[in-house]
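I have placed the structure first, in the form of structure tokens, so that the comments after it can refer back to it.
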Amino acid sequence: MNIILFDTNREDFYPLSLTRPISYFRIGILTIIEKWNLYFQSVSVLTDNYLSEKFPVTILQDNIWINSQVIPSDEILTEIKNLRVGECLKKDSTLLAFRNSEFVSTDLNIVQSNSNFRYLSCLTDIFSLNGDEILSDIKILKLKSNDLLSLDNSNHLIGNDIFIEEGAKINCAVLDSSDGPIYVGKDVEIMPGCLIKGPLAICNNSVLKMGVKVYGPTTIGPYCKVGGEINNSVFFGYSSKAHDGFLGNSVVGEWCNFGADSNNSNLKNNYENVKLWNYKLESFKDTELQFCGLIMGDHSKCGINTMFNTGTMIGVGSNIFGSGFARNFIPSFSWGGASGFTIHKLEKFFNTAEIVMKRRGCALEEDREILSKVYDMTKRYRNEN
């Protein structure tokens, strides 16, 4: 079967979907496309044209098209595999998948799904569903808990639901899996004094700095450095929050950086639901959540002692600094803080991004055209002609 994950409602997932297909979101241990790749040999994505060179699609005569917001489960997998040519699978009115030679889902025979599965309906689902997905990924990866006696005896372990990959270095840490599993990826370093409470996924080559406190459900993506206090948050990868400060109920894209002692609020003083900017509505939308911190797009950064209010949306390539609370919606390529913003000029942004990525052995060139397109797409939010 040729499997294609297709994007819908992309604006609902801006700014994270500005620089990647939805199926490349990380939730649990794996990205959505990595989860599907465990079930099928060939999976590609159909997304916006400006992303298609980096994320190409393979279309054959017989294709199964799957909504990229669907997170795989054994039940939904069985229904999808049983689709005949000319059939589409729906949950009520939501299109989940269809089988057709072309990307055309109209005039197909409708099959209603009776499966249990998770569906990414909005940005906050990334951290809200993260605990369940850590558990699910451990099962589909068929991980087995380690012989923990091989761990350095300087560590203190609570519970046995701990999974440690090769090359991990852990010293003088407390790992508490009594409320959920702890996954430690390849070549991860957990420095002395770390306090870790599952469910938690720390992906390959990431570093937990000395004395960090991490509460689950949290995912630290590959090649991240984290410190301070973190609660129920997801880092996609290649980002740093290496110093003291609190981050809670948040999603952080790639190549982001938090200055020392930066903090976000994840609970309003009046305990009301948090509202979050929605690009499709072009207004703030009730998340129906009491706890919601911030969403930070790729390549955004903040200076030391930056304060973020509850429900802050930060675009791509922004630089936030200065005293006081910046506004709750910070457009892409903004430069400034509570006292006001100017435009983060594209060439200056590229200069910084090249330096940052080179430090991790990565090149900007593949993303330069995408980021230029995002800059143009988001001009109107900066009041830029």
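Among the residues of the range 210-254, just one is in a strand (DSSP E or B) and in contact with a Pro (Cβ under 7 Å, 6 or more places away or on another chain), namely G237.
Screening the range 327-354 for residues that are under 23 Å from the mean Cα position of the chain (by Cα) and more than 13 Å from M296 (Cα to Cα) and picking the one that is surrounded by the most Cβ atoms within 10 Å (Cβ to Cβ) gives F349.
Show the residue pairs that are 6+ apart or on different chains and have beta-carbon atoms under 6 Å apart, the first residue being within the range 338-358 and without any contact (Cβ under 8 Å) to a residue 24 or more places away in the chain, the second being exposed (fewer than 12 other Cβ atoms within 10 Å of the Cβ) and outside any helix (DSSP H, G or I). Within 6 Å, the pairs are A338/G324. Applying the criterion of being small (G, A, S) and more than 27 Å from the chain's Cα centre (by Cα) to the residues of the range 88-112, the residue that is nearest to M1 (Cα to Cα) is S101.
Flag: N146 matches the condition of being more than 25 Å from the chain's Cα centre (by Cα) and part of a loop (DSSP other than H, G, I, E, B).
Only one of the numbered conditions (1) within 30 Å of N232 (Cβ to Cβ); (2) within 20 Å of the chain's Cα centre (by Cα) is not met by L46, and that is (1).
Out of the residues in the range 5-32 that are buried (at least 21 other Cβ atoms within 10 Å of the Cβ) and among the β-branched types (V, I, T), which is farthest from V234 (Cα to Cα)? Only one residue tops the list, namely T19. Of all residues in the range 233-280, those satisfying the criterion of being in contact with a helix residue (DSSP H, G or I) (Cβ under 9 Å, 6 or more places away or on another chain) and aliphatic (A, V, I, L, M) are V234, V251. Filtered by the rule that a residue be surrounded by 23 or more Cβ atoms within 10 Å (Cβ to Cβ) and part of a loop (DSSP other than H, G, I, E, B), the range 195-209 gives G198, P199, C203, S206. Is it the case that the range 137-159 has a residue that's crowded, with 16+ Cβ neighbours inside 10 Å, outside the structural domain of D74 (by TED's automatic domain parsing) and on the phi > 0 side of the Ramachandran plot? Looking through the range 137-159, at least one residue is crowded, with 16+ Cβ neighbours inside 10 Å, outside the structural domain of D74 (by TED's automatic domain parsing) and on the phi > 0 side of the Ramachandran plot. Number of residues in the range 279-334 that are touching a residue at least 40 places away in the same chain (Cβ under 8 Å), closer than 26 Å to I370 by Cβ and among the aliphatic types (A, V, I, L, M) equals 6. Of all the residues in the range 298-320, those that are buried (at least 19 other Cβ atoms within 10 Å of the Cβ), polar (S, T, N, Q) and assigned to a loop (DSSP other than H, G, I, E, B) number 4.
Table: residues versus (1) outside any helix (DSSP H, G or I); (2) of a type outside the set (A, V, I, L, M, F, W, C); (3) under 24 Å from L267 (Cβ atoms).
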{"site": "G322", "(1), (2), (3)": "yes, yes, yes"}
{"site": "S332", "(1), (2), (3)": "yes, yes, no"}
{"site": "W335", "(1), (2), (3)": "yes, no, no"}
{"site": "F341", "(1), (2), (3)": "yes, no, no"}
{"site": "F349", "(1), (2), (3)": "no, no, no"}
{"site": "E354", "(1), (2), (3)": "no, yes, no"}
{"site": "G361", "(1), (2), (3)": "yes, yes, no"}
{"site": "R368", "(1), (2), (3)": "no, yes, no"}
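Take the conditions crowded, with 20+ Cβ neighbours inside 10 Å, of a type in the set (V, I, T) and not in a helix (DSSP H, G or I) and apply them to I295. Does it pass? When the stated conditions are applied, I295 passes them. State whether one or more residues within the range 80-103 are surrounded by 18 or more Cβ atoms within 10 Å (Cβ to Cβ) and either β-branched (V, I, T) or in a helix (DSSP H, G or I) (or both). Among the residues of the range 80-103, at least one is surrounded by 18 or more Cβ atoms within 10 Å (Cβ to Cβ) and either β-branched (V, I, T) or in a helix (DSSP H, G or I) (or both), which makes the answer yes.
For E282, the conditions (1) of a type outside the set (G, A, S); (2) surrounded by 14 or more Cβ atoms within 10 Å (Cβ to Cβ); (3) at positive phi; (4) modelled with pLDDT under 95 are fulfilled apart from (2).
The values are calculated or read from the model by the stated rules, or taken from the named source; none is laboratory data. These figures come from a predicted structure and were not determined experimentally. Cβ: placed from backbone, ideal geometry, glycine included. Neighbour counts: every protein chain shown.
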